[in-house]
Amino acid sequence: MTHFNQSLVTSLLVLSLSFTSAEHKVMFSEGYSVNERPPTEDGKPLLIKSSINLRNILDVAEKEQIISLETTLRLYWKDERIHPNKKFLDSEDSIGPYLTLNPSRAEKFWMPDVFIDQAKALRTPTYYTKPASLRVYNDSTIRYSSRINYDVACSMDFHRFPVDEQYCEVKFESFGFTNKQVQLKWMDQSHSNVNANISLAQFSFNVLLMDSYSTDYYDVAYPGIIMKLHLTRQIGYHIV
């Protein structure tokens, strides 16, 4: 065997061992499938808890009736088919001990099919690695977190301009799972946060996380959650 071939075999062996080590951080039950929704007690809808970090309001385009936001959405759900190797549990938060995996490993896990309703464009602020994280907790809770910025439609009413108020609803909704299969719900307000340094020239704003809802414009109902932005125009901006 040539030196080149020996080096190649050694490299492949090391790579194989590293993949094996990564695989052993998490144990999947026999027959696990990413295409099958995690089982629940008595066939109840799978509860997916959510929290959000509103990092920035990038723009309020009144003419186009579009707002541009940057958020980090975190989704939590229980999958009893997945168990972390306890020796790799190297961090802990209010939910419990957990290990962190590279977000590229998410393709090996069942994932909620959440999308942003009426989004016009989505962008991922990526340099090299996608700004996302995947956690597996000691109790088989899975957390997937991802940062994106996006433009979303907001129907505005200017009849009271320049003392108008605008209400923009950002809806995070399940695309394929009905409310009999999945339930979306906000976690306690303490798990979500708003960047205190957000500043808008014309508006002050408040954020309200609304109760979960189900769509009523399809033959079947799909679950969702709403982040509502209340924009109040600053009259001083228009006074010379």
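The values are calculated or read from the model by the stated rules, or taken from the named source; none is laboratory data. Keep in mind that this is a model prediction, so the values were computed, not measured. Quick reminder, even Gly has a Cβ in these numbers, built from the backbone with ideal geometry, and neighbours come from all protein chains shown. The accessibility values were calculated without ligands, DNA or RNA, using every heavy atom of the protein model including side chains. Shrake-Rupley method; radii C 1.70, N 1.55, O 1.52, S 1.80 Å.
Observations, loosely collected:
- In the stretch 94-108, the residue that is modelled with the highest pLDDT out of those that are in a loop (DSSP other than H, G, I, E, B) and either touching an Asp or Glu at 6+ places or on another chain (Cβ under 9 Å) or within 29 Å of Tyr150 (Cα to Cα) (or both) is Gly96.
- Residues satisfying the criterion are absent from the stretch 79-102 (criterion: under 28 Å from Ile198 (Cα atoms) and surrounded by 14 or more Cβ atoms within 10 Å (Cβ to Cβ)).
- Number of positions in the stretch 200-233 that are loosely packed, with under 11 Cβ neighbours inside 10 Å and among the hydroxyl-bearing types (Ser, Thr, Tyr): 2
- Residue count for the stretch 109-151, restricted to those that are loosely packed, with under 15 Cβ neighbours inside 10 Å, at pLDDT below 95 and either among the small types (Gly, Ala, Ser) or within 28 Å of Asn85 (Cα to Cα) (or both): 3
- Scoring Leu75 on the criteria (1) at pLDDT 95 or above; (2) open to solvent by 60 Å² or more (accessible area, probe 1.4 Å) leaves a single failure, condition (2).
- When Phe172 is tested against (1) at pLDDT below 95; (2) buried (at least 19 other Cβ atoms within 10 Å of the Cβ), just one condition goes unmet, and that condition is (1).
- Hey, Met156 under 30 Å from Lys44 (Cβ atoms) and open to solvent by less than 60 Å² (accessible area, probe 1.4 Å) or not: no
- Answer residue from the stretch 38-64, given it is open to solvent by 70 Å² or more (accessible area, probe 1.4 Å) and within 15 Å of the chain's Cα centre (by Cα) and is nearest to Ala121 (Cα to Cα) among those: Arg55
- Residue check: Asp117 meets all listed conditions (1) without any contact (Cβ under 8 Å) to a residue 12 or more places away in the chain; (2) within 19 Å of Lys185 (Cα to Cα) but one, namely (1).
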